[in-house]
Amino acid sequence: MKNQIEIKNGLLIFMGIAVFFMLMDFLGLAGENYLRIFNAFIVLYGINKTIKSNYQNGISNYLENYFSGIKTGVFGILLGIVGLIVFIQLKGGESYFLKLSDTFFFPGKQNIMMYSAMLFFEGVASCFIGSFIVMQFNSEGK
């Protein structure tokens, strides 16, 4: 049951991030770095849903809920990175990426896979921190 909730909320994170970034691309705001911070709220929302659901289902162990939140976030981010790679390939591959990479936070020469790996590690670190923060607010099963 718990894994189904983690997968469902991970998919919710993926869909939220996908819609957010496609909307930014459609509106011509893909180059606005400050708007990318909002994807953190999408990830935190999915993690929070998992942890609250665990408490509602009687799972009150702190570490179990913490790692459940991490798994949810990492699953959503992993799907999001795969989606990003597919999106870049559909939009023109490396040429689209080079045009887009001017707006990324990471300076220097990059390729799609190196950028995706950096995003993955950044996302995993964010999941650890985000799950910890969410657990502080939910530690009493609110």
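Being at pLDDT below 95 and within 16 Å of Leu84 (Cα to Cα) is a description that applies to Met22.
The residues of the range 26-35 that are without any contact (Cβ under 8 Å) to a residue 40 or more places away in the chain, part of a helix (DSSP H, G or I) and either open to solvent by less than 80 Å² (accessible area, probe 1.4 Å) or charged (D, E, K, R) (or both) amount to a single one, Leu35. For the range 75-85, the set of residues classified as buried (at least 18 other Cβ atoms within 10 Å of the Cβ) and either among the aromatic types (Phe, Trp, Tyr) or more than 10 Å from Phe14 (Cα to Cα) (or both) consists of Phe75, Leu84, listed by residue number.
Of the listed requirements (1) open to solvent by less than 30 Å² (accessible area, probe 1.4 Å); (2) under 21 Å from Phe128 (Cβ atoms), Ile88 misses just one: (2).
If the condition is being surrounded by fewer than 18 Cβ atoms within 10 Å (Cβ to Cβ) and touching a residue at least 40 places away in the same chain (Cβ under 8 Å), then the range 37-51 contributes only Ala40. Assess whether Ser126 counts as being hydroxyl-bearing (Ser, Thr, Tyr), assigned to a helix (DSSP H, G or I) and modelled with pLDDT of 80 or more. It is true that Ser126 is hydroxyl-bearing (Ser, Thr, Tyr), assigned to a helix (DSSP H, G or I) and modelled with pLDDT of 80 or more. I'm trying to understand the selection: among the residues of the range 4-21, which are open to solvent by 50 Å² or more (accessible area, probe 1.4 Å) and free of Cβ contacts under 8 Å to residues at least 60 places away in the same chain? Within the range 4-21, Gln4, Lys8, Met15, Val19 qualify.
Wholly within the range 38-109, which helices (runs of 4 or more DSSP H) include no fewer than the required count, namely at least 2 residues that are more than 18 Å from Gly123 (Cα to Cα) and modelled with pLDDT of 90 or more? Explain how you work it out, then say what you get.
On the way: elements: 38-56, 62-91, 94-101.
Fully inside the range 38-109 and qualifying: 38-56, 62-91.
The values are calculated or read from the model by the stated rules, or taken from the named source; none is laboratory data. What you see is a predicted model; the values in this text were computed from it and never measured. For neighbour counting, all protein chains shown are included, and Cβ atoms are generated from backbone atoms with ideal geometry for every residue, glycine included. Please note that ligands, DNA and RNA were not included when accessible areas were found on the heavy atoms of the full protein model with its side chains. Shrake-Rupley method; radii C 1.70, N 1.55, O 1.52, S 1.80 Å.
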